[in-house]
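The values are calculated or read from the model by the stated rules, or taken from the named source; none is laboratory data. Being a predicted model, the structure only gives us computed values, none of them experimental. Reconstructed Cβ throughout: ideal geometry from the backbone, glycine too, with neighbour counts over all protein chains shown.
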């Protein structure tokens, strides 16, 4: 049997089949959105309280402020305060790494806010209150800024940006981002597709920003096989930090956890 989507099929046939798939996908996702929203509204109040606490972690203020302040402070220290060439280079790299995380969250957030206004999708509470599940494009009313989810976008952008720098943290960070995305559904702030859309947009912006940073010689470089790698200060910094901690422990300046210093 011939594949109905191949180029040897007449265009009307191929276009009609793709259109039917699009309509089927739209109906399926619309049903899933409604079902997930109804399940969230019927959840146990105690469980909802937990998700309300979790969803707060997706607010961009918790990532933008510390990464921006630390990034600018370390870059300034590397250029104007530290005298040692090696220490200054590592400090500037650390500042640039923080600024990469800051820029990833900020750029993704700007993209989300633009899409929210253009799309104008009604939030789940309007479905609950008035049975309305639709769109009102180009509107500044926050009740119509459901797609995509900003909190999920922030969580995924932060998780990806940090995992590019510390790959061993990727699994835990992405799991936390998924939990924040789930919390947006549970607190009735977004539909399931809003959450997926927010995460997908974060993936696009963060990967593109990594390429832009790399092209300017900041934080990353391209290896011989085309893979992204940290610049040398990013490889040396953890080793230097480990040696410093060991030295402080040997001198007694830092006590191991649970150990009580004798008077």
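Those helices (runs of 4 or more DSSP H) of region 1-115 in which 2 or more residues are without any contact (Cβ under 8 Å) to a residue 40 or more places away in the chain, surrounded by 11 or more Cβ atoms within 10 Å (Cβ to Cβ) and over 24 Å from the mean Cα position of the chain (by Cα) occupy 11-41, 61-80. Report yes if some residue within region 156-171 is in a helix (DSSP H, G or I), over 30 Å from residue 236 (Cα atoms), out of contact with any strand residue (DSSP E or B) (no Cβ under 9 Å at 6 or more places or on another chain) and at pLDDT 90 or above; otherwise report no. Within region 156-171, none of the residues are in a helix (DSSP H, G or I), over 30 Å from residue 236 (Cα atoms), out of contact with any strand residue (DSSP E or B) (no Cβ under 9 Å at 6 or more places or on another chain) and at pLDDT 90 or above. Here residue 179 passes the criteria (1) modelled with pLDDT under 95; (2) assigned to a helix (DSSP H, G or I) except the one numbered (1).
If you go through region 205-227 and keep only what is in contact (Cβ under 8 Å) with a residue 24 or more places away in the chain and either under 24 Å from residue 176 (Cα atoms) or assigned to a helix (DSSP H, G or I) (or both), you end up with 205, 206, 207, 209, 210, 213.
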